[in-house]
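The structure appears below as structure tokens.
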Amino acid sequence: MRRYIRAMSNTTTRAIMIAILALGCAPSRTPAAEETSTAEQTSGAEAVSSDPCRGSALELDRVAAECRVETARNGVDRAADASVLVARVEPVSVRSGERARIPVAFRNATAEPLEVVLPPHVGIGGTDIERDGERVGYRDEYSGLAFAMGCASPCRWIRVVLEPGGTLHAVVDVSARVRVRRGTTAPEMHDGEAIPPGRYDLVIWTPWLGPSADGRVVQRRVRTTVDVTP
């Protein structure tokens with residue numbers, strides 16, 4: 001009888017020990033639930049920020065292909081207001097007769113998301129080199145009728161939304177050579193002579209239209225200086 005009790009005691013002890021070990025090794029379900037919840041939150045955040053046409057730091061070259069909308073643009077753009085979409089461009093240096101690409105940044109200075117729309121083939125726009133208000137980087141030798149370039153309506157324009165404080169980064173081409181428009185029917189652009197070394201004004205033409213000081217609707221321009229070197 002004592003042997004039987006002792007055997008039972010040993011068996012019970014082993015069973016209790018196994019149960020304790022099993023409980024100690026069992027995985028906790030709380031961390032798993034927390035991980036699932038975190039993963040769901042992360043996934044949701046990624047979904048919100050996955051729009052390539054909306055953000056705080058957008059590259060025009062990257063969004064140009066993905067952010068197209070059909071629109072017939074008429075009227076005034078908020079982006080034409082320099083206090084709403086603030087431009088930043090550094091002074092430029094380019095060798096006489098050569099070309100350079102320069103960065104331009106446009107920052108949403110408002111406290112709300114800002115829609116920015118750009119033409120399909122123009123982007124930020126062209127540049128002019130001036131001295132004392134006169135263009136030295138362009139000469140018109142075209143003798144035909146006036147013309148206008150555009151696209152069939154509705155055009156697929158580039159549309160992005162900048163978050164408050166967000167920036168649209170772009171690049172523009174600068175040529176230290178005179179551009180010449182020639183022809184009698186269909187005008188064509190040609191490269192002319194090299195612009196002599198010196199310091200000039202660089203005008204960047206944006207595609208946005210807004211009111212001027214005298215109430216006229218004009219195309220917004222951004223200015224900096226350009227050093228044409230030998």
Sort out which residues of segment 161-187 are out of contact with any Ser or Thr (no Cβ under 6 Å at 6 or more places or on another chain), β-branched (V, I, T) and in a strand (DSSP E or B), and write them in order of number. V161, T167, V171, V178, V180
Is at least one residue of segment 151-160 in contact (Cβ under 8 Å) with a residue 40 or more places away in the chain, within 22 Å of C67 (Cβ to Cβ) and part of a loop (DSSP other than H, G, I, E, B)? yes
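Hey, which of the strands (runs of 3 or more DSSP E) in segment 63-107, taking only ones fully inside, have at least 1 residues that are open to solvent by less than 50 Å² (accessible area, probe 1.4 Å) and more than 21 Å from I204 (Cα to Cα)? So that I can check it myself, show each step before the final result.
Details: elements: 68-71, 85-88, 92-95.
Because the criterion is at least 1 residues that are open to solvent by less than 50 Å² (accessible area, probe 1.4 Å) and more than 21 Å from I204 (Cα to Cα), the strands (runs of 3 or more DSSP E) in segment 63-107 that meet it are 68-71.
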Go over the candidates G125, G133, G144 one by one and state the one that is under 24 Å from G215 (Cα atoms) and surrounded by fewer than 15 Cβ atoms within 10 Å (Cβ to Cβ). G133
Considering only segment 182-199, I want to know if a residue exists there that is in contact (Cβ under 8 Å) with a residue 60 or more places away in the chain, farther than 16 Å from S96 by Cβ and touching a Phe, Trp or Tyr at 6+ places or on another chain (Cβ under 9 Å). no
Anything in segment 188-221 that is farther than 16 Å from D77 by Cβ and under 21 Å from the mean Cα position of the chain (by Cα)? List them, or say none. V203
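On the basis of being at pLDDT 90 or above and at positive phi, does G183 make the cut?
Values: at pLDDT 90 or above: no; at positive phi: yes.
Answer is no for this residue.
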In segment 110-122, which residues are surrounded by 15 or more Cβ atoms within 10 Å (Cβ to Cβ) and over 15 Å from the mean Cα position of the chain (by Cα)? T110
Does G75 fit the bill of being modelled with pLDDT under 95 and over 17 Å from the mean Cα position of the chain (by Cα)? yes
How do the strands (runs of 3 or more DSSP E) wholly within segment 188-230 filter down when requiring 3 or more residues that are in contact with a Lys or Arg (Cβ under 8 Å, 6 or more places away or on another chain) and open to solvent by less than 20 Å² (accessible area, probe 1.4 Å): which remain? 198-211
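The values are calculated or read from the model by the stated rules, or taken from the named source; none is laboratory data. Everything quoted here is computed from the prediction, not taken from an experiment. Neighbour counts are summed over all protein chains in view; Cβ atoms, including those assigned to glycine, are modelled from backbone coordinates with ideal geometry. Just so you know, the surface numbers come from the protein's heavy atoms only, side chains and all, with ligands and any DNA or RNA stripped out. Shrake-Rupley method; radii C 1.70, N 1.55, O 1.52, S 1.80 Å.
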